[in-house]
Structure formats: structure tokens, C-alpha cells
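Read the figures in this text as sums done on the coordinates, not as results from a lab. Since the structure is predicted, the reported quantities are computational estimates derived from the model, not experimental observations. Because the Cβ atoms are built from the backbone with ideal geometry, glycine has one as well, and the counts that use them run over all protein chains shown.
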Amino acid sequence: MSALPPYASPLQRTWFYTFRILCGLIFFFLIFPIMVIVPLSFNAQDFFTFTPEMLAFDPAGYSLKHYDDFFTNPDWQQALRNSVMIAPAATILATVLGTLAAIGLSQSHVPYKSAIMAVLISPMIVPLIISAAGMYFFYSRIGLQGTYWGVVLAHAALGTPFVIITVTATLVGFDRSLVRAAANLGADPVTTFFKVQMPLIIPGVVSGALFAFITSFDEVVVVLFLGSASQQTLPWQMFTGLREQISPTILAVASLMVAISIVLLTVLELLRRRSERLRGLSPG
Amino acid sequence: MSDATSNQVLTTQDGKPLKAALARALRREKMRSLLLIAPLLIFVLITFVAPIFDMLFRSVENQIVSETIPRTVVALEEWDAETGEAPGEDVYNALLFDFIIAVENKRHTQLGTRLNYEQTGLSSMFRRTGRRVDDFGETYADQFIDLNEAWKEPVTWVTVMASPSWIEAQKAWASNPTGPEPAFELSPAALDVLPATSDLYGAFAQFVQVEENDSPTEEDPWTPIYKALYQDLSANPNAATAFSGEAATLVGQAAAAVPAFETVSVKELFIDADEDWGSAENWAVIKTFAPTYTSGYFLSAADAQLTPTGVEMKPDDEQIYLFLFYRTLLLSIIITISCLLLGYPIAFLLAALPLRYSNLLLILVLLPFWTSLLVRTSAWKVLLQQQGVINDVLVWTGLISDAGRLVMINNQTGTIIAMTHILLPFMILPLYSVMKTISPSYVRAAKSLGANDWTAFWRVYFPQSIPGIGAGAILVFILAIGYYITPELVGGTSGIFISNRIAFHISSSLNWGLAAALGTLLLVAVLLLFVAYDRIVGIDNVKLG
């Protein structure tokens, strides 16, 4: 399928190109909705479609007013601040706890390993609406509902499975004799961890942290239930915006978030390459 | 030689038996790994697992009835709903005492709301009665006060009801009030001969002290307490003998006068306040939902209901949940199939292309995967609406007329399109990782043996890709049946899922028990699917990106 052999029959030739076109259409379906909001966010009108001016590339058809609204509107700014306060705290908590646990789980003799793993992975499997419902009931009992820390703890719990999975994946390729060699050369466990193990697993830790960050930064269901008005995050603001009075500012926010995802994707890809190189899985 | 070694115990350098030393080292290693895991395990247990169990508990928990009207629940045990007649005076008496406590603590409306889930109309019955119940003891209160003005004074009641030691302690506290007043104690004599009065007065004293931060020596007692005293004195005319001093005089005088008192039926007072109290059907509902645990929420979640005669299905026009479960399943299956149909060619292409091209194209899959769910949902909301880009293009190309713009949002079409787009990467990635491992030489071998392209694909390639299909399909299906945000925003009323109903019961209708029961059913479905996923893929093989 990678290339058409010279002896291909006309039927094969037709199918080859049909298949390529079909795949192209599916890729278009995947990427078009995300890409179309970027030009629409520069619309000078409060419309959600291309105006004749925009199609004619008339500069008057474009403006930055929706971005301007995002950066000056106090609601959006408060939402941005909340997101920036909640996501990093949840990320740090999830990454530290998750990395330690992943190292513990990678040892050769762990009792009840599969049961522990099932519990630790469960926040990723249980549908968000159920987690949100349970947390809402339980956190109201213990007075965490509607508080900053309630949201942070919930988001950290949702993010830990990703840290465990990514760090465990890097630890699979980790050569345990390096730790023994370090111990043999007189390093204590803490030194060994920071000087030998950490530099090798850091790509996994960072990509786990990125997953945890994006989990919290994008999360809306749990925060809708657990948060009060003063914990309103960006996704929450977008959700209410989409449900009640849809304003084009949402498109500006969405475009900014697409930019963030592109940055994240690039960082992850670089990390993956570095990790493969360090572990000698791929040349260069 | 074998004898020599078996008798000789191997030791480490410092003389310890090797076996013990190894066991110790192993134990240490286990401890160390557990210590590393423990913080996260405890964290997840508290922040995540405990909430899930709380939800499971709430789906069967029903303490509100037996906690709010305990005396009534006990009195109702004797009553038989089959008779079709409302219960007797004793049940209404118990209800009066429960009701006055509940009203003062403002808990009767909560109970009304809870029982209203089972029988409409009970909420307003409880609310309306709550406004009147404080007058129900008035007839008796007036007669006691006419008999002796002293019964009007809070201090008189304290003299009769409180234990001597509490009276002492209270006096000491009153002369030098530091900290809260000593907790009220009933006198043994009152407890012995005036049981109903003690019960209700004890509740009153506690309420005054704890909720109002006041003293029973200064607060007028609730009027139903007079009714309780009347009841006790009628039952026990010699009650005064148990008391001494001033209390004995007061109780003696009252006991002598009580047989001549004018009486009122509490039952009639309740029925007068709201005639629904006379309905045996309502009492049957209260009796049915008196136990601490109930299957009622689960039955509601399955469109059934618990009636005094047993479980039966709700009337057809009230059945919504089975249909909603069915729709959630159906839409999830449609979404899974659409994802498979769109994802299979892409994964196939990615696996067949050389790495440098496939890595580039993979970015087109990963970008949507990494983009915020709300961004993608808002994109579809913008694209699909009637004045949106897709309709504009269709009108411009002349495929549809301006008046015939397609309705693609706020219905099932919207949910299916948007969710297929959102979940497509979850199908492509597992498929791709399986297809990458399929060696192209099998297909080549099949072709060299005479198979045409289709046979080679269908008989050789496709069977090898089935594990990927299984993994991707289950993953997409698990994610789809629990989805909330996208159906809520683009699904309208015909495209919503069971999750939307759960959210509705938590935040709008406040029927938490039903929300918990629906959530539990959904959770069970997801866990069963997950076990299947674990069998096919293995939990350790979950990969990201």
C-alpha cells in the first residue's frame, strides 16, 4: 500500500487512489473542525461563520476584538487565574505521588501488585460523571466541596494514573544494574535516585506531568460539581458560555487553547525521542 | 555428597543462615516498595475510592424516614396497609411528637421532598402541616394553664422534669455563667412515670440548648408537650407519688383534674390541616419507605417502583430510564462503529507508510487527541448550527435551499458526529499499534500463493488486526457511555445520555439517591467492559500517545 507497483492493474490503480482520497477526507474530518475556529476567531462580526468580507480577504472583515474581550473581560480573566492556580498544584501533587508509586511498583517483589495497580488506575477508568457524583457527595460530607483544595485533590487523583502509566513505561527499559553499580560505588539510595535513576526516567516523569496538567487544565465535569463560583476555571467558563449565551470570545479562547496543545504535543514528541535515544531503543 | 550438603546449613559471611538472610532481604525489599506506593495508595483511597463507595452507599441508604419520624415508624409497625383504612390515633400521636421536633429542627420539608419521589403530593402535605403543628397541643395547654397558671412558666416544667442534680448545677452556672449551660438531664421520677412527656421534653430541652443556645428555664415549651403530659397522666393517675415537694403538688393537682379535660383527636387535627393525612395510600408509602435501607432508588432507576404490595413497573408514561439506558447503549454502539469505520483505514495507512511519513500524519491524529474537549465541542457547535459553516457551504453550492438548512445540532445527529470526532483518536491509536506489528510478509506470501488483494486482506491481514479492533472498540465504547459534556452541549433533548440525567438529579432535582443508583448501574456496566478490555489488552499494556 505504501507505493503502487508498476505492474498494478487499472482496478488496483483506481482503488489505490480512492483509498488515498478516502484517508485524506478522514484526516480532513479530524483536523478541519479544530483548524476552522482559528480564522473564525478573527471575525470582525459576532457571527460564527465566514462573512463575505472575510472570504474576500478584506482586512476590515478581520479584527482582534474577541481576543481583546478575553484579555479584558473580568470573568474570563478570573477563570484564567483559577485554571492557572489549580492545574499546577494538582500536577505537582499527582507527579510526586505518582512517580514514587511507579518506582515502587516496578520493583520485582511487590505483594498484591495487580490489586494495587487496579486501584491506582481506577480514576482513569471510571466515567467522569460518576467520579464527579461520588466526589460531590463525599466532599460535601467532609467540607471540601466548593473549596480550592477540594478541586485540587480531585484533579490530582484524576491525573495520577497517567503519571503511573508513563513513568512505568520508562522504567520498563531501565537497567537495574545501574542502581546496583551506583550502590557498589558507595552511593546511598537517595543519591542513587537523584544522580542515576532520575535523569534516566525524567522524560517519563515530565510527560506524565504534562498528562496530569492537561487532565486538570481541560477538566470540566468534576469542577462543575465540586467547585463553587470562585473556582470557575476556563473550561467551566467555556461550558457555561456554550450552554447559555454563546459569544465569539469562546472561539478566541479555543484558538489559544489549540496553540497550547500544539506546544504540549511538540514537547511530548521531543521527550519521547530523547527517552528512546537514552534507552538506546532507536538510533539518533 | 548429598548428605554432606543437606546437613550443612549455608551461612552468610557473618554467620547467619543464608535462607534467613535472603528472606530478610526480600521482606525489606517488599517493605520498601510498599512504602513508596503507600502515599499514593492512601491518597487515591481517600480522594477517589471513598467517594465512589459513598455513592454506592447513597444508592441504598434511606435513613431520613426513620431518623426524622422514629416514633411514627415504630407505631406504624402494628398497622396493616391491606385494610385500606388510615391508622389509629396512636400513630397520629406519635406523628405529632415526631413532627414538632422535625418542624423545630426544620427537617420536615426534607422528609417531604424525599417521600415526594415516591408519591407526588407528600411534599406539600408535609409543608402545609408544618405551619400548623405547633397549635395542635393548644387545647391541652390552655386547660393545664387554666387549672394552674404555673404550667405556663418554663421554670415549672424544669422543676417537674429536670433531675435535682441538674437544677443545682444550673443554678450554680446561672450565678456565674462561664461557658455553656450544663447539658439538661431528665429526672428519674419523670422518666419512670411520665415516659411520653420525658421523651418530648428531653428533645425540647436539647433543642433549646444546642440549636437556640438558650436555656430551658426561659423558653416556653412546645404545646404538644402538654398533650404528652395529658396522655401520661391519664395512663398513670398516681404519677404524683413518684415526685416530691413542689413537683408532687403540681403533678397531683393535674392528675386529679385530667379525667375531666376536654379532649381532641390528633388524627382529626392532622386531617384538618391536610386531608391527605387520612389517606391509607400515603401511610402505606411512609411505611414502605421506613426501613434504613431501600431498593427504591434502584427500582426507580429501572422504571419500577416499590408499592405496599410489592415491586411493579411504573405506568408507561412515567418510564424514562430504561429507554435512556437503551439510547445510551445504542448511540454508543453507533459511535463505536463510526469510529471503527473511519479509524481502520487511517490506522491501516499509517501502518503501511514508511515511518517518516506516518510520524507526520500521526500528528494529525494526536493534535485532536491533545486539544481540549471543550474546544472540539465548541468547534462542532459552530460548524453544525443552522447559520454555521457547513450549512452555509451547502447553501452556497446549491445542494440545499436557504429555507431547507439542515438541523444537525441539538439532536442525535449532533451527538453522533461530535462524539465520533472526539473519540476517533482513541480508536486509531490502539489499532495502529497492533497493525504496526503485523508483518507485511504474510500478505506477500498470500499473494504469491495466488490470493487476490481482497482475499489477502480479508483472510490474512484482517484476522491479525482483530485484537486492535477489540481494544479500540471497547475503549471507545467505555468512554462513550459515560460521556456527559458533549451530549449536554450538542445533544438537545433527543441526544442526551444517562450521564446527563445523573447530573440533572445531582444539581437540579436534588434526588441524590436516584443519581447514585443510576451512577452505580453505569459504573457496573463500565467495570464489566473494563474486565473484558483487561482480558483482551491487559491493564499493563495501556499506552498513551
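Data table
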quantity: Lys/Arg +1, Asp/Glu -1 at C-beta; chain B dipole; positive extreme among B:Ile145, B:Ile390, B:Val60; calculated: B:Ile390
quantity: Cα gyration tensor shape of the protein assembly as shown, rounded if a/c is under 1.5, else prolate or oblate by comparing a/b with b/c; calculated: prolate
quantity: For A:135-142, mean number of other protein chain Cβ atoms within 10 Å; calculated: 6
quantity: Cβ-placed point charges (K, R +1; D, E -1), dipole of segment B:2-58 about Cα centre in debye, nearest 20; calculated: 80
quantity: Under 5 Å, built H, 5+ apart or other chain: amide partners of B:Ala162; calculated: B:Ser187
quantity: Value at 222 nm in deg cm²/dmol, rounded to 500, when DSSP H runs of n ≥ 4 in chain B each add -39,500 (n - 2.57); calculated: -20500 deg cm²/dmol
quantity: 3J(HN,Hα) from dihedral phi, segment B:440-454, Karplus parametrisation 6.51/-1.76/1.60, rounded to Hz, x for glycine, proline; calculated: x, 5, 5, 5, 4, 4, 4, 5, 5, 8, x, 6, 7, 4, 5
quantity: Average beta-carbon neighbours from other chains, 10 Å sphere, peptide A:241-250; calculated: 3
quantity: Those chymotrypsin sites (Phe, Trp or Tyr not before Pro) in segment A:105-161 that DSSP places in a loop and that have at most 12 other beta carbons within 10 Å; calculated: A:Tyr112
quantity: For segment B:276-289, 3J(HN,Hα) per residue [Karplus equation, 6.51 cos²θ - 1.76 cosθ + 1.60, θ = phi - 60°, Hz, x = Gly/Pro]; calculated: 5, 5, x, 8, 5, 4, 5, 5, 5, 5, 4, 5, 5, 9
quantity: About the Cα centre, charge dipole magnitude for segment B:26-134 (Lys/Arg +1, Asp/Glu -1 at Cβ), debye; calculated: 1140
quantity: Amide H partners (placed H, <5 Å) of B:Thr307, local residues excluded; calculated: B:Glu312
quantity: Relative packing of peptides B:71-83, A:13-25 - highest average C-beta neighbours within 10 Å first; calculated: B:71-83, A:13-25
quantity: Cβ-defined net charge surrounding B:Asn359, 14 Å radius [Lys, Arg +1; Asp, Glu -1]; calculated: +2
quantity: 23 Å Cα-Cα threshold exceeded, pairs from A:Lys195/B:Lys19; A:Lys65/B:Lys381; B:Lys171/B:Lys227; B:Lys267/B:Lys314; A:Lys113/B:Lys436; calculated: A:Lys195/B:Lys19; B:Lys171/B:Lys227; B:Lys267/B:Lys314; A:Lys113/B:Lys436
quantity: Mean Cβ count within 10 Å, highest first, over the residues of peptides B:359-369, B:519-529; calculated: B:519-529, B:359-369
quantity: Charge dipole magnitude, Cβ of K and R +1, D and E -1 - chain B, Cα centre, debye nearest 20; calculated: 5700
quantity: Alpha carbon convex hull of segment B:321-541, volume per residue in cubic angstrom; calculated: 166
quantity: Relative contact order (%) - criterion: Cα under 8 Å, at least six apart; region: chain B; calculated: 15
quantity: Which of B:Pro17, A:Tyr17, B:Ala94, positive extreme of dipole for the protein assembly as shown (C-beta unit charges); calculated: A:Tyr17
quantity: Average other protein chain Cβ within 10 Å of Cβ, residues B:386-394; calculated: 3
quantity: Cβ-based charge dipole, segment A:74-278, positive-most Cα from A:Leu100, A:Ile129, A:Leu185; calculated: A:Leu185
quantity: Spin-label pair B:Asp316/A:Thr240, simplified geometry with 7 Å Cα→Cβ offset, distance in nm; calculated: 4.3
quantity: Per DSSP, loop trypsin sites (Lys or Arg not before Pro) in segment B:287-371 with at most 14 further Cβ within 10 Å; calculated: none
quantity: Chain A, helix-only ellipticity at 222 nm - DSSP H runs n ≥ 4, -39,500 (n - 2.57), divided by all residues, nearest 500; calculated: -24000 deg cm²/dmol
quantity: Order by protection proxy (mean Cβ within 10 Å, highest first), peptides B:219-227, B:252-260; calculated: B:219-227, B:252-260
